[in-house]
Ligand code: 3HC
Ligand code: NAI
């Protein structure tokens, strides 16, 4: 098949004896159909033109080529295929050089591996991250990378999805030459001419022999064992190892065919759908109305109020992002503890060899402890993380209102409290916003940005900018009890309590939830976070609880014994001698039995499938209510919240994507079935009913 090289996304020009092929497909030069066709045409042009002695492939803009066009997956294939393009590049009788100055990822690196020589500039990033999308390198990468950099290193690269720096790639043998500077065309031309002058012949990756086959297969065996342990339900990692084995055992062409077959299997798997949804959703969450309406305010100096669990974690996150931080605490003793909490994180890194005393000192030079609010008069942005008590928080915000300069952004890290009420305690509610970090705040990616009624658009834009600087995944949320995440969590946790009281043990429930792909079940999470936290919330809400609503008292009985989870050695599980993995506790089962007896419940059996049907139905139903009320902008915001903050298995795409993949009619039918037992708890969300009636899915609300 022959393709006209008319597409402007790939341009060719003759520079003396070298055909310069440059890809210009913003934003990241993804290999959409037009780019593939353009590249193939360029190779044909080079072959047909006697004046061309060599071909130089470069990318314009930030990237070399960021890979296949992910938006094309799941749609009908359009020729030429990427493997075809790679094979044509490799087969060229004219020397082909790839000069990489930015991202050469996935299919982008596969193009470079098909070139005969590779050059990299300092900002180049090379990798085969297909695994993150539920895929494997499907354009010869699994066959060529092992030949170029060794079987073990290539397989590790494919399994990790990591991006290598130019230096690391050169050390791994992935690039032939490193050049300083940023003029990729000049560097590429110079290198190409150097090769031509030396009479360098074409060097086809497919012709490289893998010599130590026995050693390579032993390495792959070890990687397979390790991957089976770590992959936790993921499909593509084990397929990557199969492809690497094919690279060792089979002739190149057969290896390619094997790769193709396994790539198609990955492409068709629901995991690919879930992971690609997650990839785009994580980028879509930053597209919020306020960002279009206003630019962020400038900020460099931060203050954090409170140096407890959250205050210290947020401080570390802010210091790591390069800000100066003043931490305010109540008294000398508390501020000393706050500083110790911060230093503990860095000392941990030093112990692990990931930081030096000098770099810690450099970071801590940007940290100032204080017990006086007057010291933060000139800061640009304040994050409050004091006790979860409305009156305490209002008092703090009154102080902030008194001391902070006009235009300073005032944020609260409250988990549940009414941020409108906190904002109204100041004379400047337009500057007050919620920044709900997750524990440990220096590690967890999720940041709920909670938007109260009177906040101005530029403050919301500033919060998103802060998230970007801190490398967090921001999700815009509206004000309600628990915002997006904790509100939905409360409901599916309740569903788990009902399942427990009706007959399943907490251990069976946790096991079923782990089987779905969560790292932990809900009762393990309670034990990890500390049962006392939820207990305090339940006691606070007792007076306002609907007396007609079903209430399970098991957790209260456990807390009354002082069993708060890991920190007290027992909770729902036993943790002998500080063990981190709990053991089932017969006394807890006796408490559950006693509560059932008290309520007259005859316990029945639950299969893991039924446990999950109920658990997920509760999650999706509340998720739909959160979208319906505008607390989440779109279903994808709920998905990102759960993937980034609550351990929801990324490969399932988030609860709303999961529901779409099940079929919303099926999820609604489950909810209606459960509604017969408990109409108050299982009331179907109006949005869910509407979507089912219209034959639509949640994803239809993500567009536009
Ligand atoms: N296809 C289509 N769109 C892509 C894309 C791709 N491969 N990579 C990035 N984009 C889009 C993003 O969705 C975003 O779009 P938006 O502006 O409309 O939101 C835009 O490009 C910019 O992306 P980022 O916001 O992520 O920009 P950054 O500068 O932060 O990061 C990057 C750039 C490191 C290249 C990052 O985008 C990335 O990691 N991309 C994915 C790389 C990847 O996974 N490649 C493998 C693809 S699968 C493959 O190649 C299969 C093959 O083996 C057959
Ligand atoms: P914590 O009890 O560990 O720390 C609170 C700190 O605030 C204490 O060090 C205390 O001395 C200080 N403090 C109290 N009043 C103060 C005042 N007036 N001025 C200055 N400092 C004062 O509590 P934690 O866990 O850090 O929680 C803080 C906030 O973060 C709460 O609103 C909580 O709901 C929220 N949050 C907590 C999460 C968690 O997992 N712990 C997760 C997300 C949010």
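No value in this document is a laboratory result; all are computed from the given coordinates. Just so you know, these numbers come straight off a predicted model, no measurement behind them. Note: ideal-geometry Cβ built from the backbone for every residue, glycine included; neighbour counts use all protein chains shown.
Quick notes on this structure:
- The helix-only estimate of mean residue ellipticity at 222 nm for the chain, built from DSSP H runs of length n ≥ 4 each weighted as -39500 (n - 2.57), is -15000 deg cm²/dmol after division by the residue total.
- Divide the volume of the convex hull around the Cα atoms of the range 467-509 by the residue count and you get 87 Å³ per residue.
- Residue 377/residue 430 FRET efficiency (R0 22 Å; Cβ-Cβ; nearest 0.05): 0.70
- The Rg/Rh ratio for the range 134-213, using Cα coordinates for both the radius of gyration and the Kirkwood hydrodynamic radius, is 1.01.
- Both radii are taken from the alpha-carbon atoms of the range 309-379; with Rh as the Kirkwood radius, Rg/Rh is 0.97.
- In a fully extended conformation the segment linking residue 84 and residue 421 would gain 115.1 nm over its present Cα-Cα distance, using 0.36 nm per residue.
- Degrees, to the nearest 10: 635-645 long Cα axis against longest axis of the chain: 80
- Cβ-Cβ distance of residue 123 and residue 680, R₀ of 45 Å, FRET efficiency by 1/(1 + (r/R0)^6): the value works out to about 0.20.
- Divide the volume of the convex hull around the Cα atoms of the range 203-311 by the residue count and you get 274 Å³ per residue.
- Cα long-axis angle, helix 252-268 against the chain (0 to 90 degrees, to the nearest 10): 30
- Maximal additional length on extending the residue 672-residue 349 stretch stands at 111.2 nm, based on 0.36 nm per residue less the C-alpha distance.
- In a fully extended conformation the segment linking residue 218 and residue 203 would gain 2.6 nm over its present Cα-Cα distance, using 0.36 nm per residue.
- Packing-based exposure ordering (other Cβ within 10 Å, fewest first) of 8, 22: 8, 22
- Estimated inter-spin distance, residue 468 and residue 366, nm [label 7 Å along Cα→Cβ]: 1.7
- Binning all Cα-Cα separations of the range 84-184 at 10 Å, short to long from zero, yields these whole-percent fractions: 17, 53, 28, 2.
- Rounded FRET efficiency, nearest 0.05, which uses the C-beta distance separating residue 24 from residue 294 and R0 of 22 Å: 0.10
- Here the range 339-411 is treated as an ellipsoid with the same Cα gyration tensor; its semi-axes, largest first and in whole Å, are 30, 15, 9.
- Within the range 651-704, the percentage of alpha carbon pairs spaced more than 13 angstrom apart rounds to 60%.
- When both bridge partners sit in the range 1-85, DSSP labels roughly 45% of those beta bridges antiparallel.
- For the range 6-139, the relative contact order works out to 23 percent when only alpha carbon pairs closer than 8 Å and six or more residues apart are counted.
- Quarter of Cα convex hull surface for the range 35-152, i.e. mean projection, nm²: 7.7
- Near-label residues of the range 650-691 by backbone N, under 20 Å of a point 7 Å along Cα→Cβ of residue 548: 672-686
- For the range 92-132, the Kirkwood hydrodynamic radius from C-alpha pairs, put into Stokes-Einstein at 37 °C and a viscosity of 0.692 mPa s, yields a diffusion coefficient of 312 µm² per second.
- Here is the P(r) of the range 432-591: all C-alpha pair distances, binned every 5 Å from 0, give 2, 8, 14, 18, 17, 14, 12, 8, 5, 2, 0, 0 in whole percents.
- For the range 357-457, Kirkwood radius (reciprocal of mean inverse C-alpha pair distance, Å): 14.5
- For the range 403-527, the Kirkwood hydrodynamic radius comes to 16.3 Å, computed from all pairs of different C-alpha atoms.
- Where only C-alpha atoms are counted, convex hull volume of the range 556-644 per residue in Å³: 170
- Relative contact order (percent, whole number), the chain, Cα cutoff 8 Å, 6+ residue spacing: 9
- Relative contact order of the range 214-351: 15 percent, from C-alpha pairs under 8 Å at least 6 residues apart in sequence.
- Averaged over residues, the count of other Cβ atoms within 10 Å places the peptides 594-604, 551-561 in the sequence 551-561, 594-604, highest first.
- Taking 0.692 mPa s as the viscosity and 37 °C as the temperature, the Stokes-Einstein diffusion coefficient of the chain based on its alpha-carbon Kirkwood radius rounds to 116 µm²/s.
- Relative to the longest principal axis of the Cα atoms of the chain, helix 82-91 runs at roughly 30 degrees.
- Computed on the Cα trace of the range 133-278, the radius of gyration divided by the Kirkwood hydrodynamic radius gives Rg/Rh = 1.02.
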